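For reference, the structure is listed below as structure tokens.
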Amino acid sequence: MRDVSVPLLRIAPVRAAVFRFVPALLALVPPACGRSPGPGATTTTSTTTTTSTNVGAAEPPQGASPPDDGGPSDSPTTTTTTTTTTTTNGDGGQAQDAAAEPCSHVPGVCCVAVQPLGDVPAEEVEAVAGALREMYGFEVRVLDPVELPQSAWYEPRQRWRAELLNDFLRGRVPEGCDRIAGLTTKDISTTKGDVEDWGILGLADMPGPACVFSTYRCRRKVHEVPPLERLRRVAIHEVGHTLGLPHCPTYGCFLEDAGGKAETIDRETFLCDVCRERLGWIE
Ligand SMILES: [Zn+2]
Ligand SMILES: [Zn+2]
């Protein structure tokens, strides 16, 4: 559950592989959500007409592409590319730095999709997107709204089951994104301990692709912290779980357990050193 090292490890071989193809590959390395296959993958059709740059540019960035891309990596080009690599290594210093530029503050996670579930005011969607950009440096992609799935409706309490919403969301992470955050104005709930149906602010995979949170409880018992600010903090909290951050005992940390009460969130104003260390932000 707490193993933050998973996303950290995932990126390592990718980068290592990219380094080997600098700088000809540089143009092919996608800037942010690097999941798209290299555009040059249409390999030089026939015989090895080798100007070294051509071959280099045609080589798909193997490490940067998912394995099921089916790039022609075993074609004769591979042999030729080895030669190219040796050539380009000499002046690769600067390009190597550029290739190592992280896509966000969190290794291995570049893009988060925000999925409005039902009607969600634009300012709430924007508050969430802004919070995720600012805290984690993510690219945030706001998806078109979809209705809440009927499968998640909990008739006895007339509200929506968060774990079933996450089941729904998990299969909807768009190409090029790493996480999906569902956002709704409806009340959501889940089972907590002995309580069959406990109203909550949000629920997340830890770590994993999906989380969901609701503005419903952010609007209740508002004192000093406005609902939109509460929502920003909930977003940071839930997406933090998807990155592998467990609940944090530090008073006032964003990852403190709110226990379903928005008032708890009002005191959460920072990400503490323990959590930052888990994200690899401090040694
Ligand atoms: Zn939590
Ligand atoms: Zn913390």
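The values are calculated or read from the model by the stated rules, or taken from the named source; none is laboratory data. Please read these numbers as outputs of a predicted model, since none were measured by experiment. Reconstructed Cβ throughout: ideal geometry from the backbone, glycine too, with neighbour counts over all protein chains shown.
Does GLU277 qualify as being within 21 Å of the chain's Cα centre (by Cα), part of a helix (DSSP H, G or I), more than 13 Å from ligand 2 (Cβ to nearest atom) and of a type in the set (Asp, Glu)? No, not satisfied. Put simply, of GLY240, GLY259 the only residue that is among the small types (Gly, Ala, Ser) and within 13 Å of ligand 2 (Cβ to nearest atom) is GLY240.
Of all residues in region 169-217, those satisfying the criterion of being of a type in the set (Lys, Arg) and either modelled with pLDDT of 95 or more or under 18 Å from PRO121 (Cα atoms) (or both) are ARG170, ARG172, ARG179, LYS186, ARG217. Picking from residues in region 210-235 that are surrounded by fewer than 20 Cβ atoms within 10 Å (Cβ to Cβ) and outside any loop (DSSP other than H, G, I, E, B), the one that is nearest to ligand 2 (Cβ to nearest atom) is GLU229. The number of residues in region 157-175 being assigned to a strand (DSSP E or B) and touching a Pro at 6+ places or on another chain (Cβ under 8 Å) comes to 0.
Scanning region 250-274 for residues that are of a type in the set (Val, Ile, Thr), under 12 Å from HIS237 (Cα atoms) and part of a loop (DSSP other than H, G, I, E, B) yields one hit, THR269.
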